[in-house]
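Here's the structure, in structure tokens; my notes come after.
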Amino acid sequence: MSHADGPLAERLLPTERALTVLHVSLHHPAQDPDIFANVPARWQHDTSPLLVGRSLDAHLRLQLPCLSRRHLSLEPYREKGSALLTFCLKALSRKGCVWVNGLTLRFLEQVPLSMVNRVAFSGIQMVIRIEGGTSLEAFVCCFHLSSSPLIHRPQAEETDEWESTSQEQPPPSSGHWAPGHLGLLHGPSLPSPGGGAETQL
């Protein structure tokens, strides 16, 4: 057993193995690579909130005019009795809402995240898949761009975010999608929805 495990274990540093990893897939229907031009392939972050928006101090900076400077945050925390990091998503925008796993969040509302999460805001579709780790001091985000939609249209009662942003989407600049430095996904198959069930603490 140790023979087979040896080479694989040597590829990962102990600290790397212990970090929680968030696999974040991103899509915008305009297919404009400039929107994600400042998104790194990988980002290691401490346990302070990770800010998403168009501000220069946002950790995940997206070039979209209708986006707030600080639109939302991913906030790590440890639940009582757990040795793993847990995350919640908080809406920070006063002018738009954020759709998370079937729930619509408005300014300063937040919801705990499950292992697979569907998020939509300002026309951007985001899927966050969490791989738990033992480190309580930092976590890693791995970002991927998708050329295909990641989320099917929400239920009718949850469409105000989608309807308000459909009119704000800028026209595609060239009509062509440049792969960029992050590579492309081809519409990952997602498990059936269930994240909304974990919104109660």
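Scanning the range 81-104 for residues that are in a strand (DSSP E or B) and touching a residue at least 40 places away in the same chain (Cβ under 8 Å) returns 85, 87, 90, 98, 99, 100, 103, 104.
When residue 107 is tested against (1) at pLDDT 90 or above; (2) of a type in the set (Phe, Trp, Tyr); (3) closer than 25 Å to residue 30 by Cα; (4) not in a strand (DSSP E or B), just one condition goes unmet, and that condition is (3). Scanning the range 110-119 turns up one or more residues that are in contact with a helix residue (DSSP H, G or I) (Cβ under 7 Å, 6 or more places away or on another chain), more than 22 Å from residue 28 (Cβ to Cβ), open to solvent by 10 Å² or more (accessible area, probe 1.4 Å) and not in a loop (DSSP other than H, G, I, E, B). Within the range 79-107, if we keep just the residues that are aromatic (Phe, Trp, Tyr) and open to solvent by less than 30 Å² (accessible area, probe 1.4 Å), the residue that is farthest from residue 120 (Cα to Cα) turns out to be 87. Which residue out of 76, 40, 65 is part of a loop (DSSP other than H, G, I, E, B) and open to solvent by less than 70 Å² (accessible area, probe 1.4 Å)? Among 76, 40, 65, only 40 is part of a loop (DSSP other than H, G, I, E, B) and open to solvent by less than 70 Å² (accessible area, probe 1.4 Å). When 18, 9 are screened for being farther than 22 Å from residue 118 by Cβ, modelled with pLDDT under 95 and either open to solvent by less than 10 Å² (accessible area, probe 1.4 Å) or out of contact with any helix residue (DSSP H, G or I) (no Cβ under 9 Å at 6 or more places or on another chain) (or both), only 18 passes. From the list 118, 129, the lone residue that is modelled with pLDDT of 95 or more, touching a Ser or Thr at 6+ places or on another chain (Cβ under 9 Å) and under 19 Å from residue 146 (Cα atoms) is 129.
The values are calculated or read from the model by the stated rules, or taken from the named source; none is laboratory data. Computed from a predicted structure; not experimentally measured. Cβ sites come from the backbone with ideal geometry, for glycine too, and all protein chains shown count toward neighbours. The accessibility values were calculated without ligands, DNA or RNA, using every heavy atom of the protein model including side chains. Shrake-Rupley method; radii C 1.70, N 1.55, O 1.52, S 1.80 Å.
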